[in-house]
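Each remark here refers to the structure printed beneath this line.
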């Protein structure tokens, strides 16, 4: 397991590379170019700038997250081929600086979805929270306004210029079914995976978060059967999944350890985090400790260990603790604690293995 830490870049993150360097076992940063709109080619000068920053602290930049797929590709519009060509050029550009994994998603309009970014917990910490009934009865524009109230940080999938067009885009998706979305994803994968394979890069699709339809939009990366279907679309080591225990774990029917064991070899990147799921469908993000949530993180780590996982991992979202003022879900302290929990579980399994 190769530990990484998501970093949002200079002027866009309260966490510094110097601080990340002090977390034991972290070898790389997971990064993206937040100022490049979806569908545009990532320019080499900006890519090299991130590499230079990482090099100064001894980090690799082998994992890129949120090379966003343009909505025209997801909707299967005639203009998609131009955006796919741009995506292919970005793959080639990233290969020049040693990128090995590209994490992306195929969620229409929105990426992750929450109703409260700072829900207070019993111990005084706050965390990202999803209230199902509120989403079921909410106008999407209300949620967009809520996210826009935090102007200091750009959020992947929630960029202001993208959200300005959200209304018409949501309307356009009303005629698109899940089967349409599967077909459009297959078209995309058949175009980009051979290029990724040529450049020794693994495409790793992220599950939908939460793993069910919101605002009537189709969502397809939601369960074991659908993931298997996507991996079978293009049978290549370069067509993989970012297995996120938190996203998939919001649905108690998803058996995360079983997925890890089935898809071993096709998981180049792992997001490991916990959520507490309530009977009414609400969920809140908790510490990584197994007993604090509904996902048995210790068993998740065991599944990775038993299958000989050598890919990249990161702790993903964390709570906001010790009065830290930070990007929602992406502070320093709780994610650092999460890493140490993961290392503790991994090291214990290593000791057992060695006898």
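Every read-out reported here was derived from the displayed coordinates using simple, explicitly stated rules and does not represent laboratory data. As the structure is a prediction and not an experimental result, all values here were calculated from the model. Reconstructed Cβ throughout: ideal geometry from the backbone, glycine too, with neighbour counts over all protein chains shown.
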When only Cα pairs under 8 Å and 6 or more residues apart are kept, what is the percent relative contact order across segment 1-102?
28
Counted neighbours (other Cβ, 10 Å), sorted fewest up, put 317, 70 in the order 70, 317
From DSSP H assignment alone, runs of 4+ in the chain each adding -39500 (n - 2.57), the sum over residues rounded to the nearest 500 puts [θ] at 222 nm at -11500 deg cm²/dmol
Rel. contact order, % - alpha carbon contacts under 8 angstrom, at least six apart, segment 191-343
18
Please compute the Cα-Cα pair-distance distribution of the chain with 10 Å bins starting at 0, giving whole percents from short to long.
5, 26, 37, 27, 5, 0, 0
Let me test this: with uniform point scatterers at the alpha carbons of segment 229-355, what is the Debye-based log₁₀ I(q)/I(0) at q = 0.09 1/Å?
-0.27
Among bridges DSSP assigns within the chain, what percent are antiparallel (round to 5)?
25
Among the DSSP beta bridges whose two residues both lie in segment 205-355, what percent are antiparallel, rounded to the nearest 5?
30
Could you tell me whether segment 1-118 comes out rounded, prolate or oblate from its Cα gyration tensor? Rule is a ≥ b ≥ c as square roots of the eigenvalues, rounded for a/c under 1.5, then prolate if a/b exceeds b/c, otherwise oblate.
oblate
Relative contact order for segment 2-354 using alpha-carbon pairs under 8 Å, separation at least 6, rounded to a whole percent?
17
